[in-house]
Amino acid sequence: MSGIHPFRVLRAKPLWIANGVITGVLALLFTVFYVGANVDPVDHMKNLPVGLVNADKGADVGGKQVNLGAQISESIKKSAVSGDKIGWKVMGEKEMKEELGKGKLYGALFVPADFTSSATALTGTTTAETPARPTLTVLTNQSAGSVGSSLARATTTQAAESASLQVGKELTSQGGTGRAKLPAAARVLLADPVAVTVEDGHPLDSHSGLGMTAFYYALVLVVVGMLSANVISGQVDHALGYTHNDMGPIRLHRPLIRATRVQTLAISSTLMAGLSLLMGSLVMVGAVGIMGMHAAHLPLLWLYSVCAIAVSGIGALALLAVFGTPGMLVVTLVFIGMAVPTANATTPLQALPGFYRFLAEFEPLRQITGGIRSILYYDAQADAGLTRGWVMMAVGLAAAALFGLGVLGWYDRKGLHRIPAETKPEKTAAPA
């Protein structure tokens, strides 16, 4: 025994400096990724996809065909009110429903077929009764993300209200002196004639978490894979005799079984792939069976869950094997720190700064969330995120294998073995 008290290590400056740098950088990066992505989504918002449907058939006014719906639709597209924050997509009613049903629109503004006829009828009202108002319908889409849907609703409602004032001016100019003959209630109504209604464009089941169950389910898959990688990595090292295994006060140790770094990663990855069958099943049982989450296409959801856990876990194992002890910090940043803000769930990609949109192109959580969203909300349509999810998981698995096996193979060839020098067998002299 050295006779030095253990607490004296606290006097060592390198201990403070090394841990201070690591924990400080981790705290700063998490703050930048989480707060930076969400500090001002309205200011960063650009080209948020919102549908614009004009189903107005127009009406004959004084022998002239008038289509107020077409006029306000054109005005909304050119309006400087929303600037480039909203990417208006002019389309038909059928296409709009399809796009909402694939999560490709965060909302829509719908002009009904009788809009012009209802609006122009206001100028001809001569009774004391309150005239019927034309309507514009704002459609929301919580399935695409509650924050994005709220941003689309606010901007679209503002556009509809501005359109109402525009229609009021148009009707006033058409009404001329006849407006003075209208009842007082009608004259007040004529200044702001349009009723703006809000409806859910793609209703979800009540057990869908207001469109957030897909994100949280995907997050569970990634976290389970990431944490399981840490457990499996340690247990494989223990099984091969490279590390001790502390079980409470008991320390267990196995005889050393020499294995190259590549062989160790292959063993860990095989174990991860096999256990993903169990973990994916239990995640689905917990979410759907115990907690009652609404879900369809259960066989597909199970298969996707198993693959997502396996790919996330193998990717984490590769990082742990390449970077060693600091690998868990790298894994945490890649799978959680950079992933959650860029998952296109809590905040839409169109409302993120450019750097975060770049990260979202390859961050695993965004890809997995898109596939889960397609399965849960969009009837497992391939172009609603499912195909991208499968493809990007395959790309991620290939990248993890190439990176992990490539770097570890180089370690092995350079003789950077994991066997401590004191465990190597000593050479014995030949008998005389």
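The values are calculated or read from the model by the stated rules, or taken from the named source; none is laboratory data. Predicted, not measured: the structure shown is a model, and the values here were computed from it. Note that each Cβ is placed from the backbone with ideal geometry, even for glycine, and that neighbours are counted across all protein chains shown. Note: areas computed on protein heavy atoms with side chains; ligands, DNA, RNA excluded. Shrake-Rupley method; radii C 1.70, N 1.55, O 1.52, S 1.80 Å.
Report the antiparallel proportion of the DSSP beta bridges in the chain as a percent, rounded to a multiple of 5.
Numbers: 10 of 25 bridges.
Given both bridge residues lie in the chain, the antiparallel proportion sits at roughly 40 percent.
For segment 28-92, what is the convex hull (Cα atoms) projected area averaged across all directions, in square nanometres? Display every interim value, and only then the final one.
Numbers: hull surface 23.1 nm².
Directional mean of the projected Cα hull area for segment 28-92 stands at 5.8 nm².
Can you give the Rg to Rh ratio of segment 296-361, both from alpha-carbon atoms, with Rh computed by the Kirkwood formula? Spell out each step's value before the answer.
On the way: Rg = 14.5 Å, Rh = 13.6 Å.
Rg divided by Rh gives 1.07.
Hey, could you get me the Stokes-Einstein D for the chain, Kirkwood radius over alpha-carbon pairs, 20 °C and 1.002 mPa s, rounded to whole µm² s⁻¹?
Details: Rh = 26.0 Å.
Roughly 83 µm²/s, to the nearest whole number.
Please list 3J(HN,Hα) in residue order for segment 220-229, calculated via the Karplus relation 6.51 cos²θ - 1.76 cosθ + 1.60 where θ = phi - 60°; whole Hz, with x for glycine and proline.
Working through the residues one at a time gives 4, 4, 5, 5, 4, x, 5, 5, 5, 4 Hz.
Of all the stretches in the chain, which is the longest one without any exposed loop site, taking GluC sites (Glu not before Pro) in a DSSP loop (any state but H, G, I, E, B) with at most 10 other Cβ atoms within 10 Å? Before the final figure, lay out the partial values.
Details: sites that count: GLU129, GLU426.
By the stated rule (loop sites, at most 10 other Cβ atoms within 10 Å), 130-425.
Normalised by the residues of the chain, what does the relative contact order come to in percent, with Cα pairs under 8 Å and at least six apart? Show your work: numbers first, answer last.
Numbers: 667 pairs, mean separation 71.3, N = 432.
Result for the chain is 17 percent.
Considering the options ILE76, LEU15, LEU122, tell which one lies farthest towards the positive end of the dipole of segment 1-145, charges being +1 on Lys and Arg and -1 on Asp and Glu at the Cβ, about the Cα centre.
With unit charges placed on the Cβ atoms, the residue in question is LEU15.
Quick query: amide H of GLY87 versus all other amide H atoms, modeled in the peptide plane; which residues come in under 5 Å with a sequence gap of 5 or more or a different chain?
Close amide H contacts, sequence-distant or interchain: ASN47, LEU48, VAL50.
Quick check: the distance between the Cα centres of segment 270-333 and segment 370-417, to the nearest angstrom?
If we compute the Cα centre of each part, the gap is 12 Å.
From the protein chains alone at 1.4 Å, what is the descending order of accessible area for PHE115, PHE30, largest first? Can you show the working numbers first?
Numbers: PHE115 0, PHE30 55 Å².
Accessible-area ranking of PHE115, PHE30, largest first: PHE30, PHE115.
For segment 302-394, what is the relative contact order in percent, using Cα pairs closer than 8 Å and at least 6 residues apart in sequence? Working shown, then result.
Values: 88 pairs, mean separation 19.8, N = 93.
About 21 percent, as a whole number.
So what does THR342 come to for accessible area, using a 1.4 Å probe and Å² rounded to 10?
Only protein atoms counted, so the area is about 0 Å².
Of TYR304, TYR106, TYR216, which is the most mobile in a GNM of the chain whose springs link Cα atoms less than 10 angstrom apart?
TYR216
In the Gaussian network model of the chain, springs joining C-alpha atoms below 10 Å, which of LEU219, LEU386, LEU28 carries the largest mean-square fluctuation?
Looking only at LEU219, LEU386, LEU28, the largest GNM fluctuation is found for LEU28.
Compute the distribution of all C-alpha to C-alpha distances in segment 190-319, in bins of 10 Å from 0, and list the percent of pairs in each, rounded to whole numbers.
Values per bin, smallest distances first: 11, 30, 23, 16, 9, 5, 3, 2, 1.
Over the Cα atoms of segment 259-411, compute the convex hull volume and normalise it per residue, giving Å³. Before the final figure, lay out each step's value.
Numbers: hull volume 18.1 nm³, N = 153.
Residue-normalised Cα hull volume stands at 118 Å³.
Past 23 Å, Cα to Cα, is the threshold; run LYS46/LYS169; LYS89/LYS169; LYS64/LYS97; LYS77/LYS169; LYS64/LYS169; LYS64/LYS89 against it and keep the listed order. Intermediate values should be presented prior to the final figure.
Values: LYS46/LYS169 30 Å; LYS89/LYS169 26 Å; LYS64/LYS97 32 Å; LYS77/LYS169 19 Å; LYS64/LYS169 18 Å; LYS64/LYS89 29 Å.
Exceeds cut-off: LYS46/LYS169; LYS89/LYS169; LYS64/LYS97; LYS64/LYS89.
Which three lengths, in whole Å and largest first, does segment 1-153 cover when its Cα atoms are put on their principal axes?
Principal-axis extents of segment 1-153 (Cα, largest first): 105, 34, 25 Å.
With every protein chain left in place, what is the accessible area per residue of segment 17-129 in square angstrom, probe 1.4 Å?
Working: 5780 Å² over 113 residues.
Solvent-accessible surface per residue comes out at 51 Å².
Chymotrypsin sites (Phe, Trp or Tyr not before Pro), restricted to segment 337-414: which are DSSP loop and have at most 16 other Cβ atoms within 10 Å?
Numbers: sites: PHE355, TYR356, PHE358, PHE362, TYR377, TYR378, TRP390, PHE403, TRP410, TYR411; in loops: PHE362, TYR378.
Answer in residue order: PHE362.
Could you pull the accessible area for LYS169 with a 1.4 Å probe, rounded to 10 Å²?
150
Take the chain, connect every pair of alpha-carbon atoms lying under 10 Å apart with a spring to form a Gaussian network, then pick out the residue of ASP379, ASP205, ASP60 with the largest mean-square fluctuation.
Maximum among the listed residues: ASP60.
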